[in-house]
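K.L.:
Sharing a structure with you now.
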Amino acid sequence: MLTSTHTFPKDFVWGAATSAFQIEGAASTDGRAASIWDTFCRQPGAIVDQSNGDVACDHYHHLDADLDLMQRLGLQAYRFSTSWSRVQPDGIGAWNPKGLDFYDRLIDGLLQRGITPYLTLYHWDLPQVLQDQGGWANREVALRFVDYAETMAERYGDRVASIATHNEPWIVATLGHEHGIFAPGIKNRRTAFQVSHHLLLAHGMALLALRAAGVKAPLGIVLNQGPIVPATDSESDRAQARFEDGLLIRWYMDALFHGHYPADVLAHLGDDAPQVQDGDMRVIRTPLDFLGLNYYTRSIVGSEPPTHPPGTELTDMGWEVYPQGLTDLLVRLGREYPLPPLYITENGAAYPDVPSGEHVHDPLRADYLRRHIGAVREAITAGVDVRGYFVWSLFDNFEWAFGYSKRFGMVYVDYASGQRIPKDSAFWYRDFIAAQSARHVTPL
Ligand code: IFM
């Protein structure tokens, strides 16, 4: 337990995060068109509980009540994403006024309640029409993304605290295009690396376009990262860990901060390496105003299938609870890269929560959050410039290939009735934020 007297910096931001496809529902309402996740959900066997995002938390129709709930829970900030296929159903050309209006109401509703909006442009839900033209494997889609980013920034840029281009490009490229377990369900390594290059290119191009347009909001990107450690000290396990570190961490960080992909990974990829045109890496390296990091766990890799020693704490995802990994990650990145200010844009845990009367007791989640917040404080004490922390997630929601079978929320959602029940962790977080605002030192 950390009992240091260090508080968080005065302006440190405390929030919670969601994404459009995971909570909004209203999949065919007011002109929204299909995204790749709508299509993927219809593939037999793609989603464990055969569910989809048609209704999800029906946030689209509960907007005002959800905003009131956020205020009651004392959130200072809310991170959300816009649905591209809601605002530009064809992925090119005409904009959907009702879709744009929804995000106006969301942003204004947050501001009216004293909650600061943090916008993410792409949280995995590409308009299906663009997938039909090759999706992110098609370089042209980067241009479509710039167009989308410009319109979002022009409309909302003066009311949001920051704009992130992509959420977790590794997931999009690797799980969506190499392993095929996420939309669009492609299994081709060469395609996956071309996609990852186009995602980064689209990010850099969007940053340049938004800056040229005079957008004031700080601009950045959100990466999923965590330490990759060898299972044993053997040379082969250490080599494997180093390689996987290259795929998850160095591939993205080296490109964004050094303007090149890691040589060892490129050598390993051979013919599967992406086609990179002259000038691309300079665009990708466009300076960031902030970097968002999503942290959940560490990965242990080796020649034997990874096993957790008895007694290891695991979440309902089977992910190890390892707060030290967050400190280690932050300190390492701070040492190896010229970082802009950092935000922990996601951190949280799934547990099989069950209501008991009017309550949902989730002591493990509050404990997880408390220990990870302590890990962030340790990194700040070590000199890393972290400016905010967002819990994943505000609500239980559609957990991608796991459907509704995993509950990450601080707020329980009864999907049959739409009822929201704040869990004990939501009240713990509310009280923690209040104590921080009062500059009370909270033992973590
Ligand atoms: O639910 C996801 C989120 O969409 C992206 N980051 C990880 C979360 C938990 O798996």
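The values are calculated or read from the model by the stated rules, or taken from the named source; none is laboratory data. Keep in mind the model is a prediction, meaning the values are calculated, not measured. Cβ atoms come from the backbone with ideal geometry, glycine included; neighbour counts cover every protein chain shown. Only protein heavy atoms, including side chains, enter the accessible area calculation; ligands, DNA and RNA are left aside. Shrake-Rupley method; radii C 1.70, N 1.55, O 1.52, S 1.80 Å.
K.L.:
In a Debye calculation with equal point scatterers on the alpha-carbon sites of the stretch 242-318 and no solvent, what is log10 I(q)/I(0) at q = 0.18, 0.27, 0.28 Å⁻¹?
P.N.:
The Cα Debye sum returns log10 ratios of -0.90, -1.33, -1.38.
K.L.:
Taking +1 at the Cβ of each Lys and Arg and -1 at the Cβ of each Asp and Glu, which of Gly226, Ile181, Leu126 sits farthest along the dipole of the chain towards its positive end, judged by Cα position relative to the Cα centre?
P.N.:
Gly226
K.L.:
Moving on. Could you look at the chain and say what percent of its accessible area is carbon and sulfur, using a 1.4 Å probe and all protein chains?
P.N.:
Values: 8970 of 17070 Å².
Ligands and nucleic acids excluded, carbon and sulfur give 53 percent.
K.L.:
Show me 270-279, 226-235 ranked by packing, highest mean number of other Cβ atoms within 10 Å first.
P.N.:
The most tightly packed comes first, giving 226-235, 270-279.
K.L.:
Have a look at the DSSP beta bridges in the chain and tell me what percent are antiparallel, nearest 5.
P.N.:
Bridges in the chain are about 15 percent antiparallel.
K.L.:
Right, another one. Treating only the Cβ atoms of Lys and Arg (+1) and Asp and Glu (-1) as charged, compute the dipole magnitude of the stretch 217-294 about its Cα centre; round to the nearest 20 debye.
P.N.:
280 debye
K.L.:
Further question: What whole-number value in Å² describes the accessible area per residue of the chain for a 1.4 Å probe? Working shown, then result.
P.N.:
Details: 17070 Å² over 444 residues.
Averaged over the residues of the chain, the accessible area is 38 Å².
K.L.:
For an R0 of 25 angstrom, estimate the FRET efficiency from the Cβ-Cβ distance between Leu208 and Glu154 and round to the nearest 0.05.
P.N.:
Details: r = 15 Å, r/R0 = 0.61.
Given R0 = 25 Å and the Cβ-Cβ separation, E is 0.95.
K.L.:
Normalised by the number of residues in the stretch 285-351, what is the relative contact order in percent for Cα pairs under 8 Å and 6+ residues apart?
P.N.:
Working: 62 pairs, mean separation 37.1, N = 67.
Taking the mean separation of contacting Cα pairs over the length of the stretch 285-351, I get 55 percent.
K.L.:
With θ set to phi - 60° and the Karplus curve 6.51 cos²θ - 1.76 cosθ + 1.60, what are the ³J(HN,Hα) couplings of the stretch 416-422 in order, to the nearest whole Hz, using x for Gly and Pro?
P.N.:
5, 9, x, 5, 10, 10, x
K.L.:
So, one more: Relative contact order for the stretch 308-444: what is it in percent, counting Cα pairs under 8 Å that are at least 6 residues apart?
P.N.:
Details: 192 pairs, mean separation 34.3, N = 137.
Rounded, it is 25 percent for the stretch 308-444.
K.L.:
Scan the chain and report its longest stretch carrying no trypsin sites (Lys or Arg not before Pro) that are both in a DSSP loop and have at most 12 other Cβ atoms within 10 Å. Numbers along the way, then the final one.
P.N.:
Numbers: sites that count: Lys10, Arg42, Lys187, Lys216, Arg439.
It runs 217-438.
K.L.:
Note down the net charge around Ser405, summing +1 for each Lys or Arg and -1 for each Asp or Glu among other residues with Cβ under 14 Å from its Cβ.
P.N.:
Neighbourhood net charge equals -3.
K.L.:
Find how many whole Å separate the alpha carbon centroid of the stretch 1-67 from the alpha carbon centroid of the stretch 398-436.
P.N.:
11 Å
K.L.:
Okay, next question. Given the C-alpha centroids of the stretch 163-193 and the stretch 306-385, what is the distance between them in whole angstrom?
P.N.:
24 Å
K.L.:
In addition: Treating only the Cβ atoms of Lys and Arg (+1) and Asp and Glu (-1) as charged, compute the dipole magnitude of the chain about its Cα centre; round to the nearest 20 debye.
P.N.:
It comes to approximately 880 debye.
K.L.:
Moving to a separate point now. Based on DSSP H runs of at least 4 residues, each adding -39500 (n - 2.57), what is the mean residue ellipticity at 222 nm of the chain after dividing by all its residues, to the nearest 500 deg cm²/dmol? Don't jump to the answer; show the numbers that get you there.
P.N.:
Working: 15 runs with 162 residues, N = 444.
About -11000 deg cm²/dmol.
K.L.:
Any idea what the relative contact order of the chain is, in percent, if you count C-alpha pairs under 8 Å spaced at least 6 apart?
P.N.:
This gives 19 percent for the chain.
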